[in-house]
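Report on the structure given below.
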Amino acid sequence: MKILLSSLLLLALLVSVSAFIHKRKKEGVKGWKTALTSICFYAIAVLNLVAYWLDGLGIFSWGLTIVLLILGAYFTRYLPVASQSTA
């Protein structure tokens, strides 16, 4: 069961990262500040996967997850503002 869950998460991460990169290139978004929120959320997924593999779901991984969530929320200020289309 552990291998199945890990494989599904890795597959989902790879698909998500490739879709994220493709979307950024398609829209012409440049710079690393606009990607910081997504990087923090991907780091949370990787951190929790490694903690799951190493049976390290303790206070350290929980604390680091909370810090990355707060950083991800903070870096939303650098996300580009979506334009609204009026009908």
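Looking only at residues that are touching a residue at least 12 places away in the same chain (Cβ under 8 Å) and over 15 Å from F41 (Cβ atoms) in the stretch 5-20, which one is surrounded by the fewest Cβ atoms within 10 Å (Cβ to Cβ)? Per the criteria, the residue is L5.
Helices (runs of 4 or more DSSP H) fully within the chain that include at least 2 residues being basic (K, R): 2-27.
Residues that are surrounded by fewer than 11 Cβ atoms within 10 Å (Cβ to Cβ), more than 17 Å from the chain's Cα centre (by Cα), closer than 23 Å to M1 by Cα and not polar (S, T, N, Q) do not occur anywhere in the stretch 23-38.
Does any residue of the stretch 57-74 turn out to be aromatic (F, W, Y), in contact with a Gly (Cβ under 7 Å, 6 or more places away or on another chain) and modelled with pLDDT of 90 or more? Taking every residue of the stretch 57-74 in turn, none turns out to be aromatic (F, W, Y), in contact with a Gly (Cβ under 7 Å, 6 or more places away or on another chain) and modelled with pLDDT of 90 or more.
The values are calculated or read from the model by the stated rules, or taken from the named source; none is laboratory data. All of these numbers come straight from a predicted model, not from anything done at the bench. So basically every Cβ, Gly included, is an ideal-geometry build from the backbone, and we count neighbours across all protein chains shown.
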